[in-house]
Amino acid sequence: MAAVEHTSIAKPVQSARPNWLARDLIGVAVILAVAVLGYFLFPNNLALLTRILAIALLVLSIDLVTGFCGVATLGHAALFGAGAYAAGIAAVHWGITDPFLMIVIGAVGGAVAGLVSGAVILRGHGLAQLVLSIAVVHLFHEAANKASTYTGGSDGLAGISPDPIFGMFGFDLWGRTAYGFAVALLVIVFVLLRLLTRSPFGMLCRGIKEDPIRVRAMGASVHGTLLKMYVISGVVAGIGGALNAISTQVVGLDSLSFTLSAESLVMLVLGGTGSLYGALIGTVSFMWFEDFVSAANPFHWLTIVGALLIAVVLFAPRGLYGSAQLLLERFRGAGK
Amino acid sequence: MSAVFQVQNLKKAFGGLAVTQDVSITLNPGDRVALIGPNGAGKTTFVNLVTGHLVPDSGKVILAGNDVTSLGPTPRVRQGLVRSFQVTRLFPDMTPEEHLALAVLQRTGRSGTIFGHYQAKPDVMAEVAELLHTLGLDHIATRRVSEIAYGQQRLLEIALALALKPKVLLLDEPAAGVPQSDTPRIEAALAGLPSDLAVLMIEHDMDLVFRFAKRVIVLAAGAIIFDGSPADVTKDARVREAYLGSYANDRSAA
């Protein structure tokens, strides 16, 4: 034991800051490059790409509570849908059609939904927590269905016509503006979340995930911290919902569904929990794969998607990004 | 010198079983007290009552003049009552530096800040560096805790408690599970604890108790049966009876 200690080479306290700053700049550059590539490769499919970006915000939002805090949820679409309906209702019923204002309203709607559902879900632990989250999304869904005067009920909320961005870029039929807007939003949110996850608060959340008892023994409030993260995650999901409302110009009950909640959790697991990159990679691969397979084989595509998921969970339990990272580390370790 | 920590007539029963019977302890700043007792003496219950994990049936816990009996564990920590754990409770994926930074940020009310990195806060980094140095953990500051030796993890537990600048420190078997070769380092760390800090150590290892404590309290069947100097504890008939049981009692009576 002692021998092991003595052989441990004294590592100088490295200045980790420039390191992660560089990594983040590379990350943003990669996201932008992929976005530009998508624009030129699939010019007729920008609506799908925009939808992917909106869902990516939802998956990032789940990652905040599940990946970083260890809270299990199958009801996170409640936050996404709340943002979508808040922005949609503001546009249709109150005449607020400025896209930036709609995003802000969506963020607030998501935050309120995050506060409400967080207050309920965080009462439970483990399986009970999961069941509570499912109950919450069903309640939100039912509430939206019943309040049809505002939400349009099962017909959906149509007639959302956002103003042109800066009065210049209208939301056209091709979806170019919506796509550009979505990319910009995602990059901004991504950068802010990178800062958030590295902040003292992000560190505290990681601590809670690893050992809540230790966090309490340090004098920090576990419940308060988790609720705060739930509200932040609501803001992110709400932005995603509002973005979806702006780009599709309609909000349906499916945006508040259990199916969407479960699918986005699957996307997160596919990409790798606890990493923002994992959330993005999971969303893009799942949705692209789903689109590709459903076009290639409209009868058995769900089977193929299911088989892929089983393969990932069995052979790459840390998700695509997590496993790639692990392989890279081993490769580097072997190279030394 | 006024008492920094007082436990007054603490009582707790589970059903009909009284596990803590009228326990009173007073600690002054700088005290080094060991709490010992045979298995089942009620040490764990006592710690849980003091830290706020259990609610006493009656009695008071007073910390720096404030009655904290009705407070939960977390507010008690904020008021300066800090504990270490018998089995280390650390964050396996975080580094010692991150642990200590988080504790310093928590103590100074900044652990909820959503922007900024702890490495960009010079006061935090200075304090962390000092703590790492005091406990000899500098060279593993940026390693993951899951990769460092158990003895170092125990030292980090102590550093973590100190980072919270406690008034009263409860050490729950600080050397438990540490290989023999590492115990001197733990003892050195204990000897170097701040001189104004009141320390209550729960410990089984009598050698450590005798080297560390200036005062020994013996708990048996939920009650204090001895409170005095380490030199007297082994001579005390009731303590011997508690440890050796009725066998010794019978022999001495005979």
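Brief remarks follow.
- For the segment B:95-103, counting C-beta atoms of other chains within 10 Å of every residue's C-beta and taking the mean gives 3.
- Peptides ranked, highest mean first, by Cβ atoms within 10 Å: ranges B:158-169, B:211-222, B:121-132: B:158-169, B:211-222, B:121-132
- Anisotropy class of the stretch A:106-167 from Cα gyration tensor, a/c 1.5 cut: oblate
- The Cβ shell under 14 Å around A:Ala262 holds other residues with a net charge of -3, Lys and Arg each +1, Asp and Glu each -1.
- Test item: A:189-201 mean partner chain Cβ contacts at 10 Å: 4
- Shape class of chain B from the alpha-carbon gyration tensor: prolate, with a/c at 1.5 or above and a/b greater than b/c.
- Summing +1 for each Lys or Arg and -1 for each Asp or Glu among the other residues whose beta-carbon sits under 11 angstrom from that of B:Thr26 gives -1.
- Packing around the peptides A:179-191, A:222-234, A:54-66, B:183-195, taken as the average count of other Cβ atoms within 10 Å per residue, puts them in this order, highest first: A:54-66, A:222-234, A:179-191, B:183-195.
- With Cα atoms, 0 to 90° folded angle of helix A:258-271 axis to chain A main axis: 40 degrees
- Pairs of Cα atoms nearer than 8 Å and 6+ residues apart set the relative contact order; for chain A it is 29 percent.
- Relative contact order of the stretch B:5-253, pairs being alpha-carbon contacts under 8 Å that are 6 or more residues apart, as %: 27 percent
- Dividing the summed helix terms, -39500 (n - 2.57) for each DSSP H run of n ≥ 4, by the number of residues in the protein assembly as shown produces a 222 nm estimate of -18500 deg cm²/dmol to the nearest 500.
- Per-peptide packing, taken as the mean over residues of other Cβ atoms within 10 Å, places B:62-75, A:278-291 in the sequence A:278-291, B:62-75 from highest down.
- Radius 15 Å from Cβ of A:Ser117, net charge of other residues (Lys, Arg +1; Asp, Glu -1): +1
- Counting, for every residue in A:221-231, the Cβ atoms of other protein chains within 10 Å of its Cβ and taking the mean gives 1.
Values in this text are rule-based calculations from the coordinates and carry no lab data. Just so we're clear, the structure is a prediction, and the values are computed from it rather than from any experiment. Positions of Cβ are generated from backbone atoms using ideal geometry, with glycine treated the same way; all protein chains shown enter the neighbour counts.
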